Amino acid sequence: MSTDLEQFVAQDGRDDGIERVRRLIDESGVSYIYYQFVSVTGRIMGKGAPAAHWERFARKGFQLVYGSTANLFIDRHGDYIGYGPESRELVGLPDVDTFCVLPWDPKTARVFCTLFRGNEEENEPGAFLSSDCRGNLRRIHAEFEADTGLHLRVGTEPEMMWLKLNPDGTPSVEGKTKAYCYHIDQFAELQPLIHRVIEYSTAMGLDMIQGDHEDAPGQLELNWQFDRAEDTADRLTTYRQICKQVGREMGAFPCFMPKPFMGVSANGCHHNISLWNGDENAFLPEGDNPRMPSKLGLSAIGGVLEHLDALTCITSPTVNSYRRMWDTGFWAPLYADWGYQNRTTALRVSSPDRFEYRSVDSSVNPYLSMAGLLKAMGDGIKRELDPGPPEERNIYQAMADGKEVRKIPMTLGDALAALERDEVIKSAMPNEMYTVFSHYKRDEWERFCATVTDWDVKEYLDILP
């Protein structure tokens, strides 16, 4: 029986795709290619090579240490996260349909890659590398579609902040505009950046549709059209890469840190979710109530609420993410409930054709978040979970009136414990993926707990006598 790697290389139409890319390389004058994949934290990793060697890399791939899927980081004890230095090397093979010339550097192109074990390995030779978060999402989505006949479409709301640079070129913690939400004058002040981002985004296949100035200093949200989960995840990754390039060109720092400022809103990345049967939206209302989702849609919401604590660990994945939860008054979704246009709940039906998952911020790895949501919704559909009636009151008023509502985890440590208990959401990170994620994030939490901060010094330096 052939291996996953061999089957991937032998896909119908792949040789034609390789030849098509060669023609594009020659016609466009591309001389260099980034072969890239995405790490556990959403960073873009990979190798570069002259375009003259395209055919060799397309058929044989490149090699890189397994630990590159964990940013090749070491933990606070000095051990490599996920994989030791004795581990084998992965094989990365390009997904030829993702080849794209970089509009800011026409001599350079990028292509996303799928990761494998080598065919010569003793264990699982030629198998998909399970710490490849991008590959995992594609496979999990395919399994979900085979089981349910449905596929997931997602649109994201990628908030981020454009910060000023210090005289030495390092980023300051100061936005380029004031904290005026939806203010066109502040929006206009950032328009040169916006034009450049949209120009590059459009050239790289993002169908840009709208944007606004949000309510933190320098905070923008630019949106593109929703699509299948794996395509939206690729486009969010591409968008981040574009913003980084525009920042270099225009003397600004694109900040995706969830909460660089207190006292103003954080950077969220709400996921707007719908389930489709072919071209039919299966989330749409079935009865007389134009706001009430279909029975299947309600079960999907029930699954997300059932697994919200563990999902929070994936979708709010940093220590800093939880500053967003604690800084009160900015609509952070603290409670496991749902409603219609209710921004005090973790889920809201923002339109009859979709729901908005709100417990997600700008540091999210979208390949992990969307895999986790697929698992949660699949469980909800399978078990026909009932989310209960929608909450139309402000959740704080509802609780004051006596409603009991579960609070989501409020620290990364609590979220990691919730994830450890939830086998359904853990299955979104199969095998070594969960090992890498949990090692990385537990070390992050432990390093924070073991650090003396400015707050500690200010609070305790003269504590006694």
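The values are calculated or read from the model by the stated rules, or taken from the named source; none is laboratory data. Quick caveat: nothing in here was measured; it's all calculated off a predicted structure. So basically every Cβ, Gly included, is an ideal-geometry build from the backbone, and we count neighbours across all protein chains shown. SASA here: full protein model, heavy atoms, side chains in, ligands and nucleic acids out. Shrake-Rupley method; radii C 1.70, N 1.55, O 1.52, S 1.80 Å.
Taking Arg248 and the conditions (1) buried (at least 19 other Cβ atoms within 10 Å of the Cβ); (2) within 24 Å of Gly42 (Cβ to Cβ), which numbered condition does it fall short on, given that it satisfies the others?
Failed condition: (1).
Does Trp326 satisfy being in contact (Cβ under 8 Å) with a residue 60 or more places away in the chain, surrounded by fewer than 23 Cβ atoms within 10 Å (Cβ to Cβ) and on the phi > 0 side of the Ramachandran plot?
no
Between a residue in the stretch 358-371 that is of a type in the set (Val, Ile, Thr) and any residue that is surrounded by 24 or more Cβ atoms within 10 Å (Cβ to Cβ) and assigned to a helix (DSSP H, G or I), which pairs come within a Cβ distance under 7 Å, given they are 6 or more apart or on different chains?
Val360/Thr315; Val360/Ser369; Val364/Thr315
Of the residues Asp231, Asp227, only one is open to solvent by less than 60 Å² (accessible area, probe 1.4 Å), among the charged types (D, E, K, R) and free of Cβ contacts under 8 Å to residues at least 12 places away in the same chain; which?
Of the residues listed, the single one that is open to solvent by less than 60 Å² (accessible area, probe 1.4 Å), among the charged types (D, E, K, R) and free of Cβ contacts under 8 Å to residues at least 12 places away in the same chain is Asp231.
Is it the case that Val436 is within 20 Å of the chain's Cα centre (by Cα), in a helix (DSSP H, G or I) and buried (at least 22 other Cβ atoms within 10 Å of the Cβ)?
Answer is yes for this residue.
Does the stretch 251-270 hold any residues that are surrounded by fewer than 20 Cβ atoms within 10 Å (Cβ to Cβ) and under 23 Å from Trp104 (Cα atoms), and which are they?
Hits for the stretch 251-270 are Gly251, Phe256.
Check whether at least one residue in the stretch 268-279 is closer than 24 Å to Pro409 by Cβ, in a strand (DSSP E or B) and among the hydrophobic types (A, V, I, L, M, F, W, C), and report yes or no.
The answer is yes; a qualifying residue exists.
I'd like the full set of residues that are in contact with a Ser or Thr (Cβ under 8 Å, 6 or more places away or on another chain), open to solvent by less than 60 Å² (accessible area, probe 1.4 Å) and in a loop (DSSP other than H, G, I, E, B), limited to the stretch 390-428.
Glu391, Ile408, Pro409 - these are the residues of the stretch 390-428 that are in contact with a Ser or Thr (Cβ under 8 Å, 6 or more places away or on another chain), open to solvent by less than 60 Å² (accessible area, probe 1.4 Å) and in a loop (DSSP other than H, G, I, E, B).
Scan Leu115, Leu137, Leu72, Leu93 and give me the residue that is under 14 Å from Phe37 (Cβ atoms) and free of Cβ contacts under 8 Å to residues at least 40 places away in the same chain.
Leu72
Among the residues of the stretch 198-207, are any modelled with pLDDT under 95 and open to solvent by 10 Å² or more (accessible area, probe 1.4 Å)?
no
Enumerate the pairs (first residue in the stretch 271-290 and closer than 24 Å to Thr345 by Cβ and free of Cβ contacts under 8 Å to residues at least 40 places away in the same chain; second residue anywhere and open to solvent by less than 40 Å² (accessible area, probe 1.4 Å) and not in a strand (DSSP E or B)) with beta-carbon separation below 8 Å, excluding pairs fewer than 6 apart on the same chain, so at least 6 apart or on different chains.
Glu286/Ser294
For the stretch 151-174, which residues satisfy the criterion of being within 12 Å of Ala252 (Cα to Cα) and either open to solvent by 10 Å² or more (accessible area, probe 1.4 Å) or of a type in the set (Phe, Trp, Tyr) (or both)?
Trp162, Lys164, Leu165, Asn166, Pro167, Gly169, Thr170, Pro171, Ser172, Val173, Glu174
Scan the stretch 86-95 residue by residue and report those that are open to solvent by less than 70 Å² (accessible area, probe 1.4 Å) and at pLDDT below 95.
The one that is open to solvent by less than 70 Å² (accessible area, probe 1.4 Å) and at pLDDT below 95: Ser87.
Right, Asn277: at pLDDT 95 or above, open to solvent by 20 Å² or more (accessible area, probe 1.4 Å) and over 23 Å from the mean Cα position of the chain (by Cα) or not?
Taking the combined requirement at face value, the residue satisfies it.
Yes/no per residue for (1) surrounded by 13 or more Cβ atoms within 10 Å (Cβ to Cβ); (2) in contact (Cβ under 8 Å) with a residue 60 or more places away in the chain:
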position: Gly17; (1), (2): yes, yes
position: Val30; (1), (2): yes, yes
position: Ile33; (1), (2): yes, yes
position: Ala51; (1), (2): yes, no
position: Glu55; (1), (2): yes, no
position: Leu64; (1), (2): yes, no
position: Gly67; (1), (2): yes, no
position: Gly84; (1), (2): no, no
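Would you confirm whether or not the stretch 448-455 contains a residue that is open to solvent by less than 40 Å² (accessible area, probe 1.4 Å) and either touching a residue at least 60 places away in the same chain (Cβ under 8 Å) or within 23 Å of the chain's Cα centre (by Cα) (or both)?
no
Between residues in the stretch 186-206 that are in contact (Cβ under 8 Å) with a residue 12 or more places away in the chain and residues that are in a helix (DSSP H, G or I) and open to solvent by 20 Å² or more (accessible area, probe 1.4 Å), which pairs lie under 8 Å by C-beta distance while being six or more apart or on different chains?
Taking only residues 6 or more apart or on different chains, the pairs are Pro192/Met250; Leu193/Met250; Ile194/Phe187; Arg196/Glu249; Arg196/Met250; Tyr200/Gln245; Gly205/Arg235; Leu206/Arg235.
Has the stretch 35-47 got any residue that is touching a residue at least 60 places away in the same chain (Cβ under 8 Å), exposed (fewer than 15 other Cβ atoms within 10 Å of the Cβ) and either β-branched (Val, Ile, Thr) or under 26 Å from Pro430 (Cα atoms) (or both)?
no
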